[in-house]
Amino acid sequence: MNSVCEVVVHLASGMSDLLGLIEADRFMKYMGIQLLDLREGYSKLAMTLTRDMINFHNVGHGGAIFALADAAFAAASNSHGEKALALNMNINYCSPATEGMRLIAEAHEESLGRRIGLYRITVRSEDGRLIASSQGIVYRKQEDRPR
């Protein structure tokens, strides 16, 4: 797996702190989630579904897919240099994912206010098939992120 710093080239001021937090995230490492791109209000992450992420219907577990979407949401919403905490997130599963499938999650900022941010997150297969669509809302604390 490439280092976050090797993959990401769009560094806005203060974003290097966020990259350090993402790179140190134990859950993302455990899930095999990789950061592909990060800009203010946008992120792109990837994950390959392993055997341990398959449910009893022999398709990708919704929790694994949600975890990837949530990681993309967290990266995009924290990209402005302020701590952003999830208030709500919903997800709609559109088509099944299978073992070995590489999933790509993209989070796009739809609206950003002084305290609230709204994000649209999609999870697709590498060939572009929509696996899940999600929306998240964050509360932006008026303090710097922890270092």
If we scan the range 35-43, do we find a residue that is under 25 Å from Y139 (Cβ atoms), over 10 Å from the mean Cα position of the chain (by Cα) and not in a strand (DSSP E or B)?
yes
Does P96 satisfy the condition of being of a type outside the set (F, W, Y), modelled with pLDDT under 95 and not in a strand (DSSP E or B)?
no
Out of everything in the range 14-34 that is within 24 Å of C94 (Cβ to Cβ) and more than 10 Å from the chain's Cα centre (by Cα), what residue ends up being surrounded by the most Cβ atoms within 10 Å (Cβ to Cβ)?
M31
Among the candidates A97, A46, A76, which residue alone is farther than 19 Å from D127 by Cα and either in contact with a strand residue (DSSP E or B) (Cβ under 8 Å, 6 or more places away or on another chain) or polar (S, T, N, Q) (or both)?
A76
Mind listing just one residue for me: the one in the range 25-57 that is out of contact with any Lys or Arg (no Cβ under 9 Å at 6 or more places or on another chain) and among the acidic types (D, E) and, of those, nearest to G100 (Cα to Cα)?
D52
With in contact with a strand residue (DSSP E or B) (Cβ under 8 Å, 6 or more places away or on another chain), of a type outside the set (D, E, K, R) and surrounded by fewer than 17 Cβ atoms within 10 Å (Cβ to Cβ) as the only criterion, which of H57, H61 stands out?
H61
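The values are calculated or read from the model by the stated rules, or taken from the named source; none is laboratory data. Source: prediction; values computed, not measured. FYI the Cβ positions are ideal-geometry reconstructions off the backbone, even for glycines, and counts take in every protein chain you see.
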